[in-house]
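Everything below concerns the one structure shown next.
The values are calculated or read from the model by the stated rules, or taken from the named source; none is laboratory data. Bear in mind that the values here come from a model prediction, so they are computed numbers and not experimental data. Counting neighbours? That spans all protein chains shown, and the Cβs are built from the backbone with ideal geometry, glycine included.
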Amino acid sequence: MLDISWGLAETIDRVIVLEKNPKGIESLTLELYDGHRWQPVAPTHPEERGEFRFPPRPASGLRIGIEASGNAGIAEVEVYNTGSDAPLPQYGSAALIAAMKTNAPVVLFDGSPFPYSPGGG
């Protein structure tokens, strides 16, 4: 299982998962976090299990599940909002960056699937 969070929600509509060794992965699943719960996303085509296209939706994280054997793994994950000409923020959304500048770290995790505590756990 691979969990990735980018803090605050961004609108996305496509995820591509590139496999390290496709022969070793038996199954691959994708879930998006909507700020409240994980939502499964079906692959675009069953034979292209690493490509996921869906109606635009806000998400603050994704979870990739794999069943694998041998030397298998995820090489790269690409996340897109194909309906926008603007690139997704490289270091987080404008709201995320603004929150970091105000030293209010609890804001960074609003809607995130991962817990925050002042002690770092």
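Within segment 40-50, the set of residues being over 22 Å from residue 69 (Cβ atoms), under 14 Å from the mean Cα position of the chain (by Cα) and surrounded by 14 or more Cβ atoms within 10 Å (Cβ to Cβ) comprises just one member, 41. Among the conditions (1) modelled with pLDDT of 85 or more; (2) exposed (fewer than 15 other Cβ atoms within 10 Å of the Cβ), residue 33 misses just one, which is (2). Based on this model, can you work out whether residue 113 counts as at pLDDT below 75, crowded, with 17+ Cβ neighbours inside 10 Å and out of contact with any Pro (no Cβ under 6 Å at 6 or more places or on another chain)? When the stated conditions are applied, residue 113 passes them. Checking each residue in segment 1-30 for being over 12 Å from residue 52 (Cα atoms), surrounded by 17 or more Cβ atoms within 10 Å (Cβ to Cβ) and under 11 Å from the mean Cα position of the chain (by Cα) picks out 5, 6, 7, 9, 10.
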